[in-house]
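K.L.:
This is the structure I have questions about; it appears just below.
No lab work stands behind these numbers, since they all come straight from the coordinates. Bear in mind that the values here come from a model prediction, so they are computed numbers and not experimental data. Cβ atoms come from the backbone with ideal geometry, glycine included; neighbour counts cover every protein chain shown.
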Amino acid sequence: MTQLSAKQNIQSIVKAIKAEEASLRQKYPLLAHQNTLGLIILLLSLSVLIGVGALYYLALIPAWVCIVLAAIAASISHELEHDLIHKQYFSNQPLMHNSMMLVVWLMRPNTISPWYRRKMHLHHHKTSGTQQDLEERLVGNGIKNPFLRALVIVDGLLGLVISTKRFRKEINGFSFSSVFNAGFPIATAYFAILYSVIIFHIVDLFIPLSLNSPSWVLSIMNVFEFLMVVLIVPNIIRSSSLNFVTSSMHYYGGVNNMLEQTHVLTSRLFMPFHLFCFNFGKTHTIHHFVPNQPFYLRQMLSKKILKVMAQHNVRFNDFDSIKNANVYKA
């Protein structure tokens, strides 16, 4: 640190975030209706996902348009899940709260249960940047080999299988079966469909399954291929973008305080990925300082707060860290 200690810099950032939030809430009274806003955003994003699926089914839009729009809608549901994990909506109404949790899981079927992830994510806040941060390590944080890192970023299940031996040695209480079973039944069905389609088409290159299979098998494959376009491929794009961004901006090793847990990604190189993870790299660092804010509020105050963070020793676009397996170097 230069003039201020780490603690003083952190306090200044937290104070600025809370002051800007108070100012926005005073300026826009609508922000007081947080439960309603969260529910409306969920219903709108779900409507977009269903709507583009219907348009694709009716052959009114091409597959690529469906995939892009569905991926964007699913990225919003991820932000909502993150808020729900921190109990930002209907915290005193279990039925509504848990219903929203279920819907955002259905919109993002390649993830573990949000109820299980809550425990993992809150642990992430306590252990960010260390070996014990299972959430970030599951998406590639700290992996130096670029091929292995890309594999983990794109395929969470394969990444879990590959990393299990190392995690058992390094992470207290890690259990493969616990994490794997946290995806049942939704993520389990997602991967069953994904791998079924991949295997079917690979085998079809050598043995004409599409010509020799029973009609019921082809009917099932037609349904699976429809789901590939409207739900599975969009979530591969969404989760890969998010995993790449989050594993790039979180530090791993050399972390001693909150200033050293993350850096901010504002580089234009990340713009395509930010499109499918709702500007995560630019705003997530704010969440580390003040966790209990809805995602849209972070977006609203980010312009002013990023300037404050830059003044108080938060790093921006630390590409050296990304090249060196995310280590924080003083």
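K.L.:
Under the √(5λ) rule applied to the eigenvalues of the Cα gyration tensor, what semi-axes describe the equivalent ellipsoid of the stretch 42-106? Give them in Å, descending.
P.N.:
28, 11, 7
K.L.:
Order these peptides, 28-41, 277-290, 310-323, by their mean beta-carbon neighbour count within 10 angstrom, highest first.
P.N.:
277-290, 310-323, 28-41
K.L.:
Percent relative contact order of the chain, based on C-alpha pairs within less than 8 angstrom and at least six residues apart?
P.N.:
25 percent
K.L.:
Then there's this: For the chain, find the longest principal axis of its Cα atoms and tell me its angle to the long axis of helix 34-57, 0 to 90°, nearest 10.
P.N.:
30 degrees
K.L.:
222 nm [θ] for the chain, helices only, -39500 (n - 2.57) per DSSP H run of 4+, per residue, to 500?
P.N.:
-21000 deg cm²/dmol
K.L.:
Further question on the same structure: Quick one: Cα convex hull volume of the stretch 200-240, Å³ per residue?
P.N.:
Convex hull volume per residue, Cα atoms: 65 Å³.
K.L.:
Distance from the Cα centre of the stretch 64-116 to that of the stretch 119-147, in angstrom?
P.N.:
When both Cα centres are located, 21 Å separates them.
K.L.:
Calculate the FRET efficiency for residue 176 and residue 35 from the Cβ-Cβ distance with a Förster distance of 51 Å, rounded to the nearest 0.05.
P.N.:
Step by step, r from the Cβ atoms, then E = 0.85.
K.L.:
Using a cut-off of 9 Å between beta-carbons, work out the net charge of the residues near residue 108 (Lys and Arg +1, Asp and Glu -1, residue 108 not included).
P.N.:
0
K.L.:
In whole Å, largest first, what are the principal axis extents of the Cα atoms in the stretch 209-291?
P.N.:
On the principal axes, the stretch 209-291 reaches 61, 25, 23 Å in Cα extent.
K.L.:
Sticking with this structure for a sec: Among 94, 294, 234, whose mean-square fluctuation peaks in a Gaussian network model of the chain (Cα, cutoff 10 Å)?
P.N.:
Judging by the Gaussian network model, the answer is 94.
K.L.:
Taking R0 as 41 Å, what FRET efficiency do you get between residue 307 and residue 119 from their Cβ-Cβ distance, rounded to the nearest 0.05?
P.N.:
0.75
K.L.:
Under 10 Å, Cα contacts only: if you run a Gaussian network model on the chain, which one of 274, 201, 250 comes out with the highest mean-square fluctuation?
P.N.:
Per the Cα network of the chain with a 10 Å cutoff, 201 tops the list.
K.L.:
How far apart, in nm, are the 7 Å Cα→Cβ label points at residue 319 and residue 169?
P.N.:
Here the answer is 3.3 nm between the modelled labels.
K.L.:
For the stretch 1-113, what Kirkwood radius comes out of the mean inverse Cα-Cα distance, in Å?
P.N.:
16.6 Å
K.L.:
So what are the stretch 286-330's ellipsoid semi-axes, whole angstrom, largest first, if each one is the square root of 5 times an eigenvalue of the alpha-carbon gyration tensor?
P.N.:
With the √(5λ) rule applied to the stretch 286-330, the semi-axes are 24, 13, 9 Å.
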